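Just so it is clear, none of the values below were taken in a lab; they were calculated from the coordinates. Quick caveat, the model's predicted, so the values are computed rather than measured. So basically every Cβ, Gly included, is an ideal-geometry build from the backbone, and we count neighbours across all protein chains shown.
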Amino acid sequence: MTRPDSQLSDIVRRLRVWSLSSWKFNGRAGALRDRLQTLADLTAGRLGRSPLQVPDVGAHALVDQLIVLVADAHDAGVPRAEIDEQLHRVASELGLVGNGAIT
């Protein structure tokens, strides 16, 4: 697998061009929201806090939320392997894996 920061950059680059209809297709927005919540839960657990619900601020902000929550997880000391796993799941669930894409 690639490094989380490299993987995140590739995911962000690819998702930034998605239209609202792309996010609505096949539950993509919901899939990313699930990964966002998992990242928030991992961060809260690492900090010894109760998990908080990640707000749904619309599909247009999902990529920004991903960037922030990955940074928060990293800053909280969540192991890179756990962050990398979540990023790989994002890529897989959103159809970004394969065809020369993220590995």
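Quick notes
- Taking segment 42-53 as the range and being surrounded by fewer than 16 Cβ atoms within 10 Å (Cβ to Cβ) and on the phi < 0 side of the Ramachandran plot as the test, the residues that pass are 45, 47, 49, 50, 51, 52, 53.
- Whichever residue in segment 54-85 is of a type in the set (A, V, I, L, M, F, W, C) and closer than 17 Å to residue 6 by Cβ and, among such residues, is surrounded by the fewest Cβ atoms within 10 Å (Cβ to Cβ): 81
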